[in-house]
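Participant: Dumping the structure here so I can ask a few things about it.
The values are calculated or read from the model by the stated rules, or taken from the named source; none is laboratory data. Small disclaimer: the values here were computed from a predicted structure and weren't measured. Every residue, glycine among them, receives a Cβ derived from its backbone with ideal geometry; neighbour counts consider all protein chains shown.
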Amino acid sequence: MRKILLITVLSLTLFSCSKKENTASIDDLINAKNVKELQAKKALIQADLAKIDEALATLDVKVDEALVSVIAVKDTTFNHYLEIQGSVDTKENILIQPEMPGTLVSLNVKAGQKVSKGQILGRVDDGGSSQQVANLETQYQLAKTTFERQKNLWNQKIGSEIQYLQAQTQMISLQKSVAQAKAQLSKTVIRAPFSGTIDEVFVERGQVVAASQQGLMRIVNLGNMYVSTSVPETYIGKLKVGTEVDVFLTSLNKTYKGKVRQVGNFINPNNRSFGIEVGVPNPDNLLRPNQVAKLKIIDYTTKNAIVVPTNVVQEDGKGDKFVFTAININGKTGTAKKVLVKVGQSSDNVTEILSGLSSNDVIVTEGVNTISDGMKLNF
């Protein structure tokens with residue numbers, strides 16, 4: 001009997017110790033550095049979490065009815081856009097260089113001044129070229145008079161043919177010399193190559209100038225602006241001269257309507273793209289070279305398309321796309337119906353529906369995440 005009592009007391013003691021060990025807190029186990037019990041605790045917790053996830057997945061947590069917003073879908077034109085970034089530029093933006101080195105004897109313009117094509121902007125010292133032109137013109141006039149007299153005599157059969165030919169040759173030679181000297185003299189005159197605005201002037205009158213990288217001044221014409229960019233070669237058959245483009249200027253927060261005016265004929269082998277130019281109107285003269293522009297180019301369009309807001313299209317566990325429609329509509333109430341759909345492309349926060357919906361179907365636009373198939377809807 002005493003032996004049985006001893007065994008019973010010992011068993012109770014071992015059970016108590018085992019229970020105490022199992023109910024020890026995680027902090028106690030960490031402090032005790034009991035790796036084995038910590039691993040056991042982790043396994044138990046993970047098993048419990050798996051049970052909770054399984055229960056949540058099968059529990060029906062939907063409510064009986066929900067407040068939603070709905071719209072009726074209509075046939076419309078759907079446009080998909082290629083969105084790329086480009087840079088504003090103009091071909092009439094140059095640094096004016098002197099054709100002849102020398103002292104700048106006159107400077108007729110200042111920054112901000114509008115000029116016309118051919119207008120004289122300044123002059124460089126000609127170094128005596130004007131006097132040379134005057135001397136050659138005098139010689140030419142004398143040679144011309146001599147030739148005309150010799151020609152009259154030759155017509156009257158007076159004098160020799162050689163005298164006539166010598167006078168003619170002398171006149172033509174001096175005529176060419178005068179033209180050459182005038183062309184050389186004209187290089188000392190600095191003219192505007194096109195109409196525009198003097199953006200900057202880098203020199204002052206009296207300064208010795210020569211052809212340099214900086215130039216004398218910068219002239220810009222903002223009336224012929226365009227945006228240049230590169231487009232992936234996959235779009236080469238979709239972009240043509242005349243294609244309309246929306247050009248958004250971030251710095252101006254303004255959109256301009258432009259058209260593709262040039263499509264490159266060369267594919268860059270490094271990035272498999274080709275260049276395009278989009279002409280952009282600039283009625284307010286707000287566009288500037290090197291501004292960043294965002295281009296939206298229509299690369300796909302469909303008439304009589306069914307489109308829905310992109311955020312109403314959901315995906316179930318099987319990977320099928322679906323939307324909720326409202327059926328059995330009676331005034332401000334209806335019933336939710338899950339409709340599988342086949343989607344096309346998305347653009348501007350709307351998605352094209354290729355199949356599953358028809359015109360005048362009523363879809364749920366707000367509250368789609370709180371409803372389920374068959375639920376009563378209030379709207």
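Participant: Of the residues that sit in region 49-65 and are at pLDDT 70 or above and in a helix (DSSP H, G or I), which one is nearest to the chain's Cα centre (by Cα)?
Facilitator: Only one residue fits best here, namely 53.
Participant: Only residues in region 183-200 that are under 11 Å from residue 93 (Cα atoms) count as the first member; pair them with residues that are among the aliphatic types (A, V, I, L, M) and not in a strand (DSSP E or B), Cβ under 7 angstrom, at least 6 apart or cross-chain, and list the lot.
Facilitator: Going by the 7 Å Cβ cut-off, the qualifying pairs are 198/109; 198/111; 199/111.
Participant: Could you list, in sequence order, the residues of region 338-356 that are over 30 Å from the mean Cα position of the chain (by Cα) and crowded, with 19+ Cβ neighbours inside 10 Å?
Facilitator: Once the filter is applied, which keeps residues that are over 30 Å from the mean Cα position of the chain (by Cα) and crowded, with 19+ Cβ neighbours inside 10 Å, region 338-356 yields only 341.
Participant: Right, here's the next one. Show the residue pairs meeting these rules: Cβ distance below 8 Å; 6+ apart or different chains; first residue within region 120-134 and assigned to a helix (DSSP H, G or I); second residue β-branched (Val, Ile, Thr).
Facilitator: Pairs found: 129/188; 133/178.
Participant: Related question: Exactly one condition in (1) in contact with a Leu (Cβ under 9 Å, 6 or more places away or on another chain); (2) surrounded by 12 or more Cβ atoms within 10 Å (Cβ to Cβ); (3) outside the structural domain of residue 257 (by TED's automatic domain parsing) is false for residue 296; which is it?
Facilitator: (3)
Participant: Within region 305-319, how many residues turn out to be more than 23 Å from residue 379 (Cβ to Cβ) and part of a strand (DSSP E or B)?
Facilitator: Of the residues in that region, 2 qualify.
Participant: Moving on to the next point. For residue 200, only one of the following conditions fails: (1) assigned to a loop (DSSP other than H, G, I, E, B); (2) in contact with a strand residue (DSSP E or B) (Cβ under 8 Å, 6 or more places away or on another chain); (3) closer than 17 Å to residue 122 by Cβ. What is its number?
Facilitator: (1)
Participant: Looking at region 320-337 only, could you name the residues that are assigned to a strand (DSSP E or B), of a type outside the set (A, V, I, L, M, F, W, C) and surrounded by fewer than 16 Cβ atoms within 10 Å (Cβ to Cβ)?
Facilitator: 328, 330, 333, listed by residue number.
Matching residues to (1) under 25 Å from residue 77 (Cα atoms); (2) without any contact (Cβ under 8 Å) to a residue 12 or more places away in the chain; (3) of a type in the set (A, V, I, L, M, F, W, C):
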site	(1), (2), (3)
302	yes, no, no
326	yes, no, yes
335	no, no, no
338	no, no, no
346	yes, no, no
360	yes, no, no
373	no, no, no
378	no, no, no
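Participant: Of the residues 106, 177, 173, which single one is closer than 30 Å to residue 192 by Cβ and out of contact with any strand residue (DSSP E or B) (no Cβ under 7 Å at 6 or more places or on another chain)?
Facilitator: 177
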